[in-house]
Amino acid sequence: MLFVRKFFKKEKPRVYLDSIFVVPRGELTSSDEWGFLASAESFEESIRAELGEIFNLPHISTASEVTRRDLGLQVAVVGYRGGELVDAGLHPISVPIFWKPKIEIHSRLFYLDSQKTFKKYKVVERFSWSDFVGRSMTLNGLFFRYKPLYNNKDMEHLLLKACLRLVEKMKSSL
């Protein structure tokens, strides 16, 4: 019985990192609306560096003796935004406009020998409504606004949560 199990057990593929992309975001829903914490370029660079640490895989250029089961990985952060609550309108009538922080990551696993796609993945991670409402109802959120509701550390935490979900999805399909 042990021989049969070993015979039919499929070998896990080797995975190599191909590329990491961070798509620039629009300025309307940026995570640091006032630019106090970091510029958009440095924030994108920190996301790219964080992704490089999370997906610490050998680069595709180091692949030797490629088999037909070996895979390449491409990771892209296609959208991210910070959370904000603003009051729009005239003095007697006000309309609250808000958006929650969000990060969207896409990835693609492909066969190294044929460049054909093995599988695509998409993960969207957001802060909870309770966290958003809790931060919005503080003195900073309601009155003084001496800093944005969500800073770069909060966005990096959200990025880590999204990457963990992405890795779990990829591991379950291999």
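Structure notes:
- A cut-off under 9 angstrom between Cβ atoms defines the neighbours of residue 132, and their net charge, with Lys, Arg +1 and Asp, Glu -1, is +2.
- One chain, two ends: residue 53 and residue 160. Fully extended at 0.36 nm per residue, the span grows by 37.5 nm beyond their Cα-Cα distance.
- FRET E, pair residue 23, residue 116, Förster distance 25 Å, beta-carbon r, rounded to 0.05: 0.55
- Among 137, 155, the order by Cβ neighbours within 10 angstrom, fewest to most, reads 137, 155.
Laboratory data are not the source of any read-out in this text; all were calculated from the coordinates shown. This one's a predicted model, so the numbers in the text were calculated from it and none came from an experiment. Don't worry about glycine lacking a Cβ; one is built from the backbone with ideal geometry, like all the others, and counts go over all protein chains shown.
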